[in-house]
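Notes to accompany the following structure.
Every number here is computed from the coordinates shown, using simple stated rules; none is lab data. Bear in mind the structure is a predicted one, so any value in this text is a computation, not a measurement. In this analysis, Cβ positions are derived from the backbone assuming ideal geometry, glycine residues included, and neighbour counts consider all displayed protein chains.
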Amino acid sequence: MSSDSALPQGKEKVAAIRSMFDAIAPRYDLLNRLLTFGMDKRWRRRSVRMLGLPTGARVFDLACGTGDLCRDLEAAGLSPVGFDLSAGMLHAARKYRATGKLHAPMVLGDALCLPVPAESADGITCGFALRNVVNLDGLFAELARVVRPGGRVSLLEVAEPSNPVMRLGHGMYFGKVIPLIGGLLSDRTAYEYLPKSVAYMPPTEEMLGLLAGHGFDAVNHELLSGGIAQLITATREL
């Protein structure tokens, strides 16, 4: 996995991630809509569709935040359970529960050690959090433990466009504009970290190989919106 001396590692990373998301939780949804021009909603809906699971299937949404993916999963007739390391994010999700827009249970927990039995999920979703876990290989091992044979995973993450012109523009927006707007409306330190955190991500082929090595097949990688986001889907081997 790529490294950056300015980025926290190990237990320090866990504490930093929890503290950061607690801090930005109150305006997290607003910033997501603004900074992605609403495209994040389309990406999440595609992530749900690509699960291809039947109505009523149980899906664990890791790093669920305020419940965006959980709400999309419910709208698709699935039965989600959300897990997040940040109590602040789960607290912010209450506004959706209060208005009846979210019904899924929300659990405070670490995606690397889920408090659930083996093979207890028909599917897993995770939105923009692969780079925030301490150990990506450990996360994939936990997915393999929790997802039943034949179950599906659908993992969203940011990406960098391959087109040089788009990559340049995206880099300027991601590295300059996002911290500026984030600082005005929320926490500048957090929104300076988020672009830098891409350095945690391994090369695509290495990441897909890790997932396959933990017993997933039909591993597929799809770039979204010109390559600024990516979707990884896979099936747990029978």
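Report ³J(HN,Hα) in whole Hz for each residue of region 144-149, in order, from the Karplus equation J = 6.51 cos²θ - 1.76 cosθ + 1.60 where θ = phi - 60°; Gly and Pro get x.
5, 5, 8, 7, 5, x
Looking only at Val14, Val146, Val48, which one moves most when the chain is put into a Gaussian network model with springs between Cα atoms under 10 Å?
Looking only at Val14, Val146, Val48, the biggest GNM fluctuation is shown by Val14.
Quick check: pseudo-label points 7 Å beyond the Cα along Cα→Cβ at Asp187 and Val165, how many nm apart are they?
3.8
Non-local amide H neighbours of Val107 (under 5 Å, H modeled in plane, Pro and chain starts lacking H): which ones?
Gly82, Phe83, Asp84
When the Karplus curve 6.51 cos²θ - 1.76 cosθ + 1.60 is applied with θ = phi - 60°, which whole-Hz ³J(HN,Hα) does each residue of region 170-180 get, with x for Gly and Pro?
These are the phi-based 3J(HN,Hα) values: 5, x, 5, 5, 5, x, 10, 6, 4, x, 5 Hz.
In region 49-150, which GluC sites (Glu not before Pro) are in a loop and have at most 13 other Cβ atoms within 10 Å, using DSSP for the loop call? Walk me through the numbers on the way to the answer.
Details: sites: Glu74, Glu119, Glu142; in loops: Glu119.
Qualifying residues, ordered by number: none.
Whole-Hz Karplus ³J(HN,Hα) for region 17-29, in order, using 6.51 cos²θ - 1.76 cosθ + 1.60 and θ = phi - 60°, x for Gly and Pro?
Whole-Hz 3J(HN,Hα) from phi for region 17-29: 5, 4, 4, 5, 6, 4, 5, 9, 4, x, 10, 4, 5.
Could you work out the helix-only [θ] at 222 nm for the chain, with each DSSP H run of four or more residues adding -39,500 (n - 2.57) and the total divided by the number of residues, to the nearest 500 deg cm²/dmol?
Working: 11 runs with 100 residues, N = 238.
-12000 deg cm²/dmol, from helical runs alone.
Test of understanding: what is the full-extension gain from Asp137 to Ala98, defined as 0.36 nm times their sequence separation minus their Cα-Cα distance? Please report the intermediate quantities before stating the final value.
Numbers: separation 39, 0.36 × 39 = 14.04 nm, distance 3.67 nm.
10.4 nm is the gain from fully extending Asp137 to Ala98.
Top mean-square fluctuation among Arg49, Arg71, Arg145, Gaussian network model of the chain, C-alpha springs under 10 Å?
Arg49
When the chain is modelled as a GNM with alpha-carbon springs shorter than 10 Å, which of Gly209, Gly123, Gly88 fluctuates the most?
Gly209
Kindly flag which residue pairs out of Lys13/Lys95; Lys13/Lys196; Lys41/Lys176 have an alpha-carbon separation exceeding 20 Å in this structure.
Over 20 Å Cα-Cα: Lys13/Lys95; Lys41/Lys176.
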